[in-house]
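Student: My structure is below; once you've seen it, I'll send some questions.
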Amino acid sequence: MNAQPRIDIRPSVCPHDCPSACSLEVEVIEGRGIGRVRGSKRQSYTDGVICAKVARYAERIHHPDRLLHPLRRTGPKGSGQFEPISWDEALEEIASRFLAIEEQHGPEAVWPYYYAGTMGLVMRDGIDRLRHAKRYSGQYSTICTTTAWTGFIAGTGRLAGPDPREMAKSDCVVIWGTNAVHTQVNVMNHAIKARKERGAKIVAIDIYDNATLQQADLALVLRPGTDAALACAVMHVLFRDGHADRGYLARHADCPEELEAHLATRTPAWAAAITGLTIAEIEEFATLVGTRKKSFFRLGYGFARQRNGAVAMHAALCVPTVTGAWQHEGGGAFHSNSGIYKWRKSLIQGLDVHLKKVRQLDQSQIGRVLTGDAEALRGGGPVKALFIQNTNPVSVAPEQELVKQGFARDDLFTVVHEQFMTETAKMADIVLPATQFMEHDDLYQGGGHQHIMWGGKLIEPPGECRSNHEVICALAGRLGAEHRGFSMSVREIVDWTLRESGRGTLEELIARDFIDVQPDFETAHYLKGFGHRDGKFRFRPDWPKVPNPNEGLVGPYAQMPELPDQWDVIEQADAEHPFRLATSPARSFLNSTFTETPGSVKKEGGPTLMLHPEDAAGLGVVAGDQLVVGNRRGTVHLTAALFAGVRRGVVIAESIWPNAAHKFGRGINTLTGADSPAPFGGAAFHDNKVWIRRA
């Protein structure tokens, strides 16, 4: 009789680019392999619920196509032709090339480039320690949060909100601009609890009838980039019908009387013409949040990925302020709790050796940077070397034709530290094999909740895979970079960071797995005052001075509306480009992650374009037809999927399929732009005008 394998249940944390940062319970089989992955019931935000793609993580961590050994390119860039080399050979070649480039062009010719392939604080942000110690070019990270955070902070003065578990105690949960079923299943879990236990209503607002709207009591499908118009009309009704809490506004807001006067002409009829919603839908939404004071607004990132995204976020945030919802448990607005942790990150990032005079290059404009755009280069010299961790810019960055053109430069030396042979790795000169999250230690925080979490190493990595920290420290030694963090283990760095940040010790964190650091009710609900100096919520933001870290004013910031309003700086459809395209998230992928796992690929099927049946008929298109979608940035091939749940003139391409999944190798970000939205930049991935033809 065969003995059953030993299975231990070990705690961990999902590292992927998602606000939920779920606490996990992982089956470790015989100390060597991973079995089932479940959400932790002990952690009350995760509450035992995780997404399906992480539940089947074994197929990713044990994938046969993982990179296992260092590689050197032997063929043309992008050919995928490599030979295995030793770690010593790889590190010596990288160091010698970087040092030669520094000698000839200066340290700013080297650009360490990264993002949130892991959200672990050491493995994600440790690359900055090398950057700062060597005076390499800085990175202004704009690709995800900039417009949304700026809009939220413009009103509240800081990036924090009510305990997100209060959704379950709400009488109305408004899920605005995030397809939570696809991207944050925990939001749906707590919202549905409120409906089951309290009879709460769920309102979902988005640009197509997605899986979240299909679970809502009131589903509002509006035109892309018109969220501020909806918010203004709702506030008009709130003032008109006596649902504005005037006493609260007098105590806690800057100019409620001016706002009311301004909104007098922002009627439901005005907003209906802009948004495509009916007057009745707008009135119903306004009455619902006006009469249910315990309304919880869960504001997502999606609707802020427009060129007017900061203004839209701020306008939506104003609605619960007008009703006074912040006063109630289960009321107010939440976007991110990233501002509550207040880490001391000198050891992780090398902030004590950071020189502010070193140029900061815009992450979203990597295509422009690599093709020599003088403005993108901030007046400095060309980038001659890239060191990339935790991101796949040849797939996920906007203006893909420029990105690919830049990576193809013969004079660009590129190093990619990766888990799989991504399209970015294929363009590298040296590829290094990386660990996955269960194969190293790290510290995590929840953007969508309030927990500090420890994710310890569970199994040994395969082949010769090394962690980000190991690689950075090994390179530092060969490059002559000096910082005490390079000689410390991950655990030593984390312990120091916890102690210096007033969060106890690593030993204490490991014993508990996670720590709940949610601020007290009055602080979280801004009842002691909002984050601005006078303690007042800002209906009239001083946009150039919004306290969100930035690299200066960009875009048409001088034209931003003084009070909440629709701001028409989006890419409007025109005769040549009659459709508006959004690149929304798929359920089984996360950006370009999970596009290599069989389970996720099978569920998603292939790259498609959702368009309204009447629009399809006008084009002579039927379901399954091959389409060419284009604008001035390029063209992409997609398969037609007819869907009545999208407004006419709007098309949706879910997820970021590998470029190779598209005919001619041009992925969806061929069509997206890298121009900087006001006031501080960002990436307007859902704001694109396009034409469509049958292939």
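The values are calculated or read from the model by the stated rules, or taken from the named source; none is laboratory data. Keep in mind that what you see is a predicted model, and the values were worked out from it rather than measured. Neighbour counts are summed over all protein chains in view; Cβ atoms, including those assigned to glycine, are modelled from backbone coordinates with ideal geometry. Protein only, heavy atoms only, side chains kept; ligands, DNA and RNA dropped before computing areas. Shrake-Rupley method; radii C 1.70, N 1.55, O 1.52, S 1.80 Å.
Student: Give the carbon-plus-sulfur fraction of the accessible surface of the chain in %, rounded to a whole number; probe 1.4 Å, heavy atoms of protein chains only.
Tutor: The value for the chain is 49 percent carbon and sulfur by accessible area.
Student: Something else now. Please work out the C-alpha center-to-center distance from the range 445-507 to the range 363-429 and express it in whole Å.
Tutor: If we compute the Cα centre of each part, the gap is 26 Å.
Student: Over the Cα atoms of the range 120-226, what radius of gyration and what Dmax do you get, in Å?
Tutor: 18.3, 58
Student: So, one more: Might you report the magnitude of the Cβ-based charge dipole of the chain about its Cα centre, with Lys and Arg at +1 and Asp and Glu at -1, to the nearest 20 debye?
Tutor: Dipole magnitude for the chain comes out near 500 debye.
Student: Ratio to report: Rg/Rh of the range 144-290, with Cα atoms as the point set and Rh obtained by the Kirkwood method; give two decimals.
Tutor: Rg/Rh for the range 144-290 comes to 0.95.
Student: How would you classify the range 292-381 from its alpha-carbon gyration tensor, with a ≥ b ≥ c the square roots of the eigenvalues: rounded for a/c under 1.5, else prolate if a/b is greater than b/c, otherwise oblate?
Tutor: oblate
Student: May I ask you to order 83-96, 248-261, 336-349 by the average number of other C-beta atoms within 10 Å around their residues, highest value first?
Tutor: Per-residue Cβ counts within 10 Å, averaged per peptide and sorted highest first, yield 336-349, 248-261, 83-96.
Student: Using the charge dipole of the chain (Lys, Arg: +1 at Cβ; Asp, Glu: -1 at Cβ; taken about the Cα centre), state which of Tyr140, Met235, Leu479 has its Cα farthest towards the positive end.
Tutor: Met235
Student: Here is a further query. Would you work out the relative contact order for the chain, in percent, from Cα pairs under 8 angstrom that are 6 or more residues apart?
Tutor: Value for the chain: 19 percent.
Student: If amide H atoms are built 1.01 Å from N in the plane of the peptide, which residues on other chains or at least 5 residues away come under 5 Å of the amide H of Phe539?
Tutor: Under 5 Å from the amide H of Phe539 lie the amide H atoms of Asp254, Cys255, each far enough along the sequence or on another chain.
Student: May I pose another question? May I ask you to give the solvent-accessible area per residue for the chain, in square angstrom, as obtained with a 1.4 angstrom probe?
Tutor: 35 Å²
Student: For the range 539-640, what number results from the quotient of the Cα radius of gyration and 2.2 N^0.38 Å?
Tutor: 1.52
Student: Just the Cα atoms of the range 357-469, one point each, no solvent: what log10 I(q)/I(0) does Debye give at q = 0.10, 0.15, 0.17 Å⁻¹?
Tutor: Listed by q, the Debye log ratios stand at -0.39, -0.78, -0.91.
Student: Dividing the alpha-carbon Rg of the chain by 2.2 N^0.38 Å yields what?
Tutor: 0.93
Student: Projected onto the charge dipole of the chain (+1 at Lys/Arg Cβ, -1 at Asp/Glu Cβ, origin at the Cα centre), which of Gln214, Leu370, Leu432 gives the Cα projection farthest towards the positive end?
Tutor: Most positive-ward Cα: Gln214.
Student: Evaluate the Debye formula for the range 571-695 with equal point scatterers sitting on the alpha carbons, no solvent, and hand back log10 of I(q)/I(0) at q = 0.12, 0.14, 0.17, 0.21 Å⁻¹, in q order, two decimals.
Tutor: -0.43, -0.58, -0.86, -1.27
Student: Based on Cα coordinates alone, diagonalise the gyration tensor for the range 214-268, multiply each eigenvalue by 5, take square roots, and list the semi-axes in whole Å, largest first.
Tutor: 24, 14, 10
Student: While we're here: Relative contact order for the range 542-631: what is it in percent, counting Cα pairs under 8 Å that are at least 6 residues apart?
Tutor: 13 percent
Student: Could you go through the range 307-322 in sequence order and give the Karplus-derived ³J(HN,Hα) for each residue, using 6.51 cos²θ - 1.76 cosθ + 1.60 with θ = phi - 60°, rounded to whole Hz, and x for Gly and Pro?
Tutor: My calculation for the range 307-322 gives 5, 9, x, 5, 5, 5, 4, 4, 5, 5, 5, 5, 4, x, 6, 5 Hz in order.
Student: Using θ = phi - 60° and the Karplus relation 6.51 cos²θ - 1.76 cosθ + 1.60, list the HN-Hα couplings for the range 168-174 in order, rounded to whole Hz, with x at every Gly or Pro.
Tutor: Per-residue couplings from phi come out as 5, 10, 8, 9, 7, 10, 9 Hz.
Student: Hey, another quick one. Which cross-chain or sequence-distant (5 or more) residues have an amide H under 5 Å from the amide H of Ala333, H modelled 1.01 Å from N in plane?
Tutor: When sequence neighbours closer than 5 places are left aside, the close amide H contacts are Phe297.
Student: For His449, what residues show an amide H to amide H distance below 5 Å, using hydrogens built from the backbone and excluding near sequence neighbours?
Tutor: Under 5 Å from the amide H of His449: Asn337.
Student: Once the principal axes of the Cα atoms of the range 40-159 are found, what is the range along each, listed largest first in whole angstroms?
Tutor: The principal-axis extents, from largest down, are 50, 41, 26 Å.
Student: Return a whole-number percent for the relative contact order of the range 335-445, with Cα pairs under 8 Å and 6 or more residues apart as the contact set.
Tutor: Contact order relative to length: 21 percent.
Student: Please list, short to long, the whole-number percent of alpha-carbon pairs of the range 224-339 in consecutive 10 angstrom bins beginning at zero.
Tutor: Going from the shortest bin to the longest, the percentages are 15, 47, 34, 4.
Student: In addition: Could you tally the net charge around Gln450, taking each other residue with its Cβ under 13 Å from the Cβ of Gln450, Lys/Arg +1 and Asp/Glu -1?
Tutor: Value of the local net charge: -1.
Student: Also: Past the 19 angstrom mark, what percentage of all C-alpha to C-alpha distances in the range 460-611 do you count?
Tutor: More than 19 Å apart: 80 percent of the Cα pairs in the range 460-611.
Student: Run down the lysines and flag those whose C-alpha is under 28 Å from the C-alpha of Lys404, throwing out any fewer than 8 positions away in its chain.
Tutor: Lys77, Lys134, Lys384, Lys426, Lys602, Lys663, Lys689
Student: With n ≥ 4 as the cut-off for DSSP H runs, can you work out [θ] at 222 nm for the chain, using -39500 (n - 2.57) per run divided by the number of residues, rounded to the nearest 500?
Tutor: Per the formula, -8000 deg cm²/dmol.
Student: May I pose another question? Any lysines with Cα under 24 Å of the Lys536 Cα? List them, leaving off those in the same chain fewer than 8 positions away.
Tutor: Cα-Cα hits under 24 Å: Lys293, Lys294, Lys342, Lys528, Lys545.
Student: A further question on this structure: Could you give log10 I(q)/I(0) at q = 0.15 Å⁻¹ for the range 416-541, computed by the Debye formula over C-alpha point scatterers of equal weight, without solvent?
Tutor: -0.89
Student: With θ taken as phi - 60° and the coefficients 6.51, -1.76 and 1.60, list the Karplus ³J(HN,Hα) couplings across the range 194-205 in order, rounded to whole Hz; mark glycine and proline as x.
Tutor: Ordered by residue, 3J(HN,Hα) equals 4, 5, 5, 8, 10, x, 5, 9, 10, 10, 10, 10 Hz.
Student: Quick check on packing: order 479-492, 144-157, 273-286 by the mean number of other C-beta atoms within 10 Å, highest mean leading.
Tutor: 144-157, 273-286, 479-492
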